[in-house]
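**Student:** Just dropping this structure here.
Just so you know, all these numbers are worked out from the coordinates, no wet-lab data involved. This is a predicted model, so every value here is computed, not measured. Here the Cβ is made from the backbone with ideal geometry for all residues, glycine too, and neighbour counts use every protein chain on show.
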Amino acid sequence: MTEGRRLKFKEEIVSTVSNPISTRELLTRLAELHQELSILEQSQVDLASLSVVKEQLVNKKLLKNTNRGVQALVCCCLTDVLRLFAPDAPYSSSTLASIFRLFLQQFPFLDDQDSVYYPHYVYMLERIAEVKLIALMTDLDHNEKLIVRLFETFYALTSNESFDKEKLQPALISILNEVISEANQLDLRVLKLILNKFLANSKNMKNQSNIRVPGFDLSLALCEINSDKLSRLVTYFFSEMILEATKNDDAYDMDYSESDDSEDNKNNSRDGQGPMIDMVQMKKIHTLAVELWRYVPEMLTSVLGLLDNELEADDPLVRSIATDTISKMLAMQPSRINFPATFASTYLNWLKKPFDISISLRRTWINGSAEILEARNDITSDIVNGLLKTLVDSNDKVRLQTIVELKKLKPSTFLDKVMKDSLMDTLFKLIREKHHTIRTEIINFLSTIYNYATKEETHRSHRMIQDIPNHILNLIYINDNTINAEVDIALCEKILPFSSNTEARVNRLLFTLSVLNDKARQSFLAILRRQPQVSKVILQLIAIIEDEEDEHKDQKIGNAVKWLSKGFPPTYNPQESLQSFISLDNKRFFRLLRVISTPSSDYDTIVNGMKEILNRLRDGKLFDQNKLFESVKTGEIYNTIQLLMLRSSNVFLNVDNITELIEINNDSTHQFNQAAKLLLTNISIIYPENLSSSIKGIVDRLVEKARNIDFCGTRIHSDCWKDLKIIHKFLENGDRVCGNREFYDTLFEFSIKGTVLEAKYSVKIMNKMEEEIKGVYFVKMVHHVWPLNIGSSFFNTHLSALCSLFLCDLISVDHIKEELSEFLASEVLLKNRLKEEENEEAKLSTWISDEDLNYSIENTNCYSKILAMKLLTNWLISISDYPTAEVEQIAKPILSMLSSFINRGGEIVSTNDTPPRFASRLRVHAGIELTKLSQYPSYETLIDQRRINRLILLVQDVEMNVRKLFLEKLKKKIIQNRVSKKFLPLIFFTAFEPEKSLKLTTTTWITALFTKRASSSNTEALIFEKSYIRLLHMLGNHPEFKELFSSYTEVDDSQEGTKHDAFKEMSMFAITHIVYALSLISTFDNISLLYYLSQRIKQFEAIPTIEGEHPDTAIYFISDLSQAALKYIGKVKNWNISIWPNQLSLPSDLFSKLSNDKANENVKTNFIPDKYASAIDELIRLRWRAEHTPAKSRKNKKKHSQLEVQALEDGEDNTGKRNFTKKRKNSDDGGIRSLKEGDQDYVEKSTKGSKYEGVRRSKRSRRVDYNEETY
């Protein structure tokens, strides 16, 4: 072994009494020693030569010297001595402890770069790091304080701006890393010091700061390097912290929490019971877990087990905070660890939280799901499935939280990752939510999605996106002012937002119109029709305001304000808001409002006027000086005026839009050409004055188009009729036809060689010509089409033209009407001209759509029959003011024909059975024509109750489209007062309607109309109450009920079981209709009247609907059922049924007064046997609950009692399953061969042998026999 290099330094460095050393000298000597030691290599030094220096350096006089230079140089020398002796320590443990204490004293000076000794401090630090000298400190006994001080000192250094982090921080990390690696255990204070930097940094991130807190990089590096060892320590640390938090002990309190001031700090207990939980501390712990997962997820591999346990904790607060923590972890992507895959059990446990019993926990799970969906793709379906559950949660706060969370998503994220049919279907159902805030949020969310999606070609074609405006606009049918306001705002701001680009704006309008279904389209058109009504009132109001001489000015203003306020949400405080706006007496506001509401204003003027008013209203200074506004908030005024302007301004049908619409209408290749025609048709009705300047262009374009048309009988597909309809609707407002001779000739060509619809509207337009001109054309037209050639390809066109002529100009067809009616009966209505080659699909079809009816050549025979019915109906309409005897002679056979189509299911032909799809169309059109005639007084007595009762067959038809079309037409006529009030009870026979959407629509319509009529002060106020009596009478004459009643009465009393079953079946059928009607029209105010009317029935005798028929007691049984139902409703609703103070007579066409004795006897008689009284009460209770419980809720109910089950099975499911085999008596189905009185024997063929001979099965498991005479 070669001899090592010896230390040359021989000076004394410890001062003695005999050999004192001045500080300057000492510094010089120490510097010389440091210089020599620093260049010595460990492998080349003679350690014996260091023995003197080694001992002197640890002398107390040096270790405790107060001079900073001496301390710095001693430390530098000691680091070299320790380096040279490594790996052995040349000192005892106590000496080493003193040395490291000295080191620790020097570290703080590393932030003083201006110090002359700064290079020495840096040297000392780098030597300690380089040689890993700090490991010696970890071997010392009782080293905890030294280690804690070391960490505290280093972390303090990183907080100082003067510390050279870029150069020295790696050394700090190296030293601290060595301590962590070599130490058997770390003091909890050290671990907290490391971890608290993650917490402090999270606050910076929360404040959207990109600057990391001092010391964070140090902690991050230490955790990344020592993740395995720290993971065990962190697990222990977390378990201890959680345990202490549940004991509410602050021994382990952490230094920072982002939630110290949160609501969690206000309530640290578990519902005031059990052990206290320090939620602030718990929040800190779990925030730390989140931050560790963000940066060093490997450290939490064991901690996740604790979180899994917390998810199952008894305390909902603990479960909630664990759920929130995992949600935040899942939202952190990309991550080095895939949470769902690595911690599958914990993840699955977390996925169950939407079902947790705690409401707040379910809301916690929802909160944060948006961030997860934005961040990752692998668990999207799991999250969406969870949100589907919370969307239908029983708690409204949970449902609301779900919507709020969905709104946080970027529209693109929702469309690309989240949107699926089940989720959208759920949202569409919730859009009708009764909870105002939820409904508002959903409307806002869906309209925002629609607004974004329609700008993207990839999304706008999605069926669910196109359904959004349908569901929003359908809310109009609820008839609630608040909902209507929400729809208006969504429509104008999101669905059809303001845009300065006319082409884009109109295309957006037409796209939306093209995707609307019939129901939503009617809602949109209703909004358009409302606009001129509101604008008219506003223009009148402004005129009144500006009229200084009107003595009744204030009263008129009050009336106008009251009328306008009726359609506003009560939360807007509309009357006060409008009065306050008027009281501003701002002339500029009034001028702008006039321009906004003027129909002829252009789009930019409207929008700019609205912006100016709203901007001024946002200025609080406008109201500060006026004491008149103390009763109303400025926000209420703003909302009211905004909605008022949206409703009164012509933002959709303004002149700018119309110009663009005309161009699209004239471009047959444009994708929205058909939508433009539809909108122009409505403009011609709503705002004909805005169309006046453009109508000539439509006429010229039509004439030009007609020049290129090859008028042949096979030309079925054509849209010229839509332009003709636009012109016709425009002319209905009193304008004269704006055309020339070529246009008149074009109309004539359309009327004799065009399609059915072209002929219809051409004749109606020609009727607007001057008398002399149109007379010539009409005579020429009749001469051309008569006699009719049934084999002509223009046969239906000619029928259509004649059909319109009977309304427009009866004189021109007067000479052919008798012969024509015979021809229609014998050759059209009583014969089927069917082609043998009809395909199998057509044979099995049960319905013909409007499009197929107009455009399919296979359905021309059916169309001929429908046109024949329309023509005969128009004939009756045109002679409705003729003498009664003459009218009756013509009307009776026609009405019999219409009734026959209804009663026989559309089949009245003796040979060649009518195809099912034809029959469906024919019977429903017969019913529609019958209702059309009922509005004329001449036919009121002829359309008696017997004929009205037959229409029940259409309301309860087996074909859904029949029911839907008839109900739509009937409801429209009722609203327009174009049908007798006798028809109103028909609506209530939808009680068994199986189609949910149709049932809901009808129910909503009844409720809306009842509310409207009940609030009116005219004779219409009691229309529903009076119609209820007619409903009971019609129910008593319903063929199914009569059969059930007969079956019950015919059973011998000895057959108790059979009679009991028959009674329940009959009762359930009647109760279903009664309870359905009462659930919609009974109120606190009218229940006494309804009870009174139900009682009055027993004082009358029902007039038989069939001549010679004897009245039975069925109507009295129904009377008692009605009274029982009303008593139950009164009990449930806590409504008092008092004696009705007035007297009302029952309808004289249905009832005749009984003698006093007989009436008293009936009143005293209970037509419900006593033994069945309890069963009746139970059936009523079941039906009432069924009408007021959602179908889904009913499914989830526990099994009913045996009586309830039996009642439901016997009453609901098996009702009316008997075949009706009795033949009709006194049928009036004849009279259609010639449509002349007395020639009615053709019916002998009946429908024997045809497919309609038996019964028609309904989807409701109910049957209707069209061969049975019951009315």
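**Student:** Taking a threshold of 22 Å on the Cα-Cα distance, which of the pairs LYS389/LYS1133; LYS519/LYS996; LYS283/LYS353; LYS972/LYS996 fall above it? Before the final figure, lay out the partial values.
**Tutor:** Numbers: LYS389/LYS1133 33 Å; LYS519/LYS996 15 Å; LYS283/LYS353 19 Å; LYS972/LYS996 20 Å.
Beyond 22 Å between Cα atoms: LYS389/LYS1133.
**Student:** Principal axis extents for the stretch 115-179, Cα atoms only, whole Å, descending order, please.
**Tutor:** For the stretch 115-179, the Cα spread along each principal axis is 34, 23, 20 Å.
**Student:** Further question on the same structure: Among 631-638, 594-601, how do they line up by average Cβ neighbours within 10 Å per residue, starting with the highest?
**Tutor:** Values: 631-638: 17.2, 594-601: 19.4.
Final packing ranking: 594-601, 631-638.
**Student:** Then there's this: From the residues LEU1182, ALA801, SER422, which one has its Cα farthest along the dipole of the chain in the positive direction, the dipole being from +1 and -1 charges on Cβ of Lys/Arg and Asp/Glu about the Cα centre?
**Tutor:** Going by the charge dipole, the pick is ALA801.
**Student:** Taking the Cα centre of the chain as origin, sum charge times position over the Cβ atoms of Lys and Arg (+1) and Asp and Glu (-1), and report the length of that vector in debye to the nearest 20.
**Tutor:** On the way: 165 positive and 173 negative charges, 369 e Å.
That gives a dipole near 1780 debye.
**Student:** Rounding to the nearest 10 and keeping the result within 0 to 90°, find how far the Cα-based axis of helix 23-39 lies from the longest principal axis of the chain.
**Tutor:** Roughly 70 degrees, rounded to the nearest 10.
**Student:** Moving on to the next point. With just the Cα atoms defining each centre, how far is the stretch 396-447 from the stretch 756-805? Give it in Å.
**Tutor:** So the two Cα centres are separated by 54 Å.
**Student:** Here's a follow-up. Straight-line reach from LYS725: which lysines fall under 19 Å, measuring Cα to Cα and dropping same-chain residues less than 8 apart?
**Tutor:** LYS677, LYS696, LYS705, LYS753, LYS760, LYS764, LYS768, LYS774, LYS870
**Student:** Would you mind putting 565-573, 1072-1080 in packing order, based on average other-beta-carbon counts within 10 Å, highest first? Kindly include the intermediate steps, with their values, before the conclusion.
**Tutor:** Working: 565-573: 17.3, 1072-1080: 23.1.
Per-residue Cβ counts within 10 Å, averaged per peptide and sorted highest first, yield 1072-1080, 565-573.
**Student:** Rg and Dmax of the stretch 793-945, Cα atoms, in Å?
**Tutor:** Considering the stretch 793-945 through its Cα atoms, Rg and Dmax are 15.6, 50 Å.
**Student:** Still on this structure: Go through the stretch 416-476 and name the trypsin sites (Lys or Arg not before Pro) that are in a DSSP coil and have 10 or fewer other Cβ atoms within 10 Å of their Cβ. Spell out each step's value before the answer.
**Tutor:** Values: sites: LYS417, LYS420, LYS429, ARG432, LYS434, ARG439, LYS455, ARG460, ARG463; in loops: LYS420, ARG432, LYS434, LYS455.
Listed in order of number, the matching sites are LYS434.
**Student:** Here is a follow-up. Would you please state the base-10 log of I(q)/I(0) at q = 0.08 1/Å for the stretch 1021-1188, with intensities from the Debye formula using one equal scatterer on every alpha carbon?
**Tutor:** Debye output, listed in q order: -0.23.
**Student:** Here is a follow-up. Which translational diffusion coefficient, to the nearest whole µm²/s, is obtained for the stretch 477-603 from the Stokes-Einstein equation, given a Kirkwood hydrodynamic radius over C-alpha pairs, 37 °C and 0.692 mPa s? Provide the component values of the computation, followed by the final result.
**Tutor:** Details: Rh = 16.6 Å.
The estimated diffusion coefficient comes to 197 µm²/s.
**Student:** Quick one: grab Rg to one decimal and Dmax as a whole number for the chain, Cα atoms only, in Å.
**Tutor:** Computed over the Cα atoms of the chain, radius of gyration and Dmax are 45.3, 158 Å.
**Student:** Taking the Cα centre as origin and putting +1 on Lys and Arg beta-carbons and -1 on Asp and Glu beta-carbons, what dipole magnitude results for the stretch 308-464, to the nearest 20 debye?
**Tutor:** Numbers: 23 positive and 21 negative charges, 114 e Å.
Dipole about the Cα centre, nearest 20: 540 debye.
**Student:** Report the number of Lys pairs in the stretch 1-185 whose alpha-carbons are under 18 Å apart, with separation of 8 or more residues or on distinct chains. Don't skip to the end; give the middle numbers.
**Tutor:** Details: LYS8/LYS54; LYS10/LYS54; LYS54/LYS64; LYS132/LYS167.
Lysine pairs satisfying the spacing and distance rule in the stretch 1-185 number 4.
**Student:** Starting from the coordinates of the alpha-carbon atoms of the stretch 627-723, obtain the Kirkwood hydrodynamic radius over all distinct pairs and give the value in Å to one decimal.
**Tutor:** Averaging 1/r across every pair of different Cα atoms and inverting gives 16.3 Å.
**Student:** Right, something else. Over all alpha-carbon pairs in the stretch 295-522, figure out the percentage whose distance exceeds 25 Å.
**Tutor:** Working: 11839 of 25878 pairs.
Of the Cα pairs, 46 percent sit more than 25 Å apart.
**Student:** What are the lysines whose alpha-carbon lies under 20 Å from the alpha-carbon of LYS587, with same-chain residues fewer than 8 places away excluded?
**Tutor:** Cross-link targets: LYS536, LYS553, LYS556, LYS611, LYS621, LYS627.
**Student:** Students often check this: by mean Cβ neighbours within 10 Å, which of 755-761, 1041-1047 ranks highest, and how do the rest follow?
**Tutor:** On the way: 755-761: 24.6, 1041-1047: 20.4.
Ranked from most to least packed, the peptides come out as 755-761, 1041-1047.
**Student:** Now for a different question. When a/c reaches 1.5 or more, the comparison of a/b and b/c decides; with that in mind, is the stretch 670-780 rounded, prolate or oblate per its Cα gyration tensor? Before the final figure, lay out the partial values.
**Tutor:** On the way: a/c = 1.80, a/b = 1.08, b/c = 1.66.
Because a/c hits 1.5 or more and a/b fails to exceed b/c, the stretch 670-780 counts as oblate.
**Student:** What order do you get for CYS720, CYS75 when you list them from fewest to most C-beta neighbours inside 10 Å? Display every interim value, and only then the final one.
**Tutor:** On the way: CYS720 21, CYS75 27.
Sorted ascending by nearby Cβ count, the order is CYS720, CYS75.
**Student:** A further question follows. Shape call for the stretch 857-993 from the C-alpha gyration tensor, a ≥ b ≥ c root eigenvalues: rounded (a/c under 1.5), prolate (a/b greater than b/c) or oblate? Show your work: numbers first, answer last.
**Tutor:** Working: a/c = 1.81, a/b = 1.14, b/c = 1.58.
Taking the square roots of the gyration eigenvalues as a ≥ b ≥ c, the stretch 857-993 is oblate.
**Student:** Enter the angle in degrees (range 0 to 90, nearest 10) between the Cα long axis of helix 587-597 and the first principal axis of the Cα atoms of the chain, meaning the one along which they spread out most.
**Tutor:** 60
**Student:** Let me ask something else about it. Order these by the 10 Å Cβ neighbour count, fewest first: SER896, SER422.
**Tutor:** SER422, SER896
**Student:** Check SER980: other-chain or 5+ apart residues with amide H under 5 Å from its amide H, H built from backbone geometry?
**Tutor:** It is GLN935, by chain and number.
**Student:** DSSP loop (so not H, G, I, E, B), at most 15 other Cβ within 10 Å: list which chymotrypsin sites (Phe, Trp or Tyr not before Pro) in the stretch 447-531 pass both filters.
**Tutor:** Working: sites: TYR450, TYR452, TYR477, PHE498, PHE511, PHE524; in loops: PHE498.
Counting only loop positions with at most 15 other Cβ atoms within 10 Å, the chymotrypsin sites (Phe, Trp or Tyr not before Pro) in the stretch 447-531 are PHE498.
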